[in-house]
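Heads up: the structure comes next, in structure tokens.
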Amino acid sequence: MFFQSKVRAAVVTAIVTLLSLGAWQGMAAQDDVFHMVKGVVKSIDKDSKTMVVKTADGTEHTIKWTDKTTVAGGKDLGTDIAEGSKVSVKYTEKAGEKTAVGVKDMGKATAKAVQ
């Protein structure tokens, strides 16, 4: 009898551990979801490290950037990439806040066609 209760306790512990691990992985996977937006930089604020990107359908996305945000070609947000720049932004979203992971300048020549 004593042996059976130990086996049951071990099985229950293993099941709880596996379920907890599965739930944790599911939550971690949600944090790693990346989104992409392409459009024209409508405004940029270097102090608050935010930019507003307007897409072709008129939707405006406010996206912040951090020191970890990469910019293609070694360009600088706010200097090389400024208002009117056509960009592609890869970002994550958590609690409704969009944070840029990477920004790519798509060239100013095509930006006028989107506006």
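Laboratory data are not the source of any read-out in this text; all were calculated from the coordinates shown. On a predicted model such as this, the values are computed, not experimentally measured, just so you know. For neighbour counting, all protein chains shown are included, and Cβ atoms are generated from backbone atoms with ideal geometry for every residue, glycine included.
Things to note:
- Listing Val11, Val101, Val87, Val53 from fewest to most neighbouring C-beta atoms within 10 Å gives Val11, Val101, Val87, Val53.
- Segment 35-114, relative contact order in percent, only Cα pairs under 8 angstrom and at least six apart counted: 33 percent
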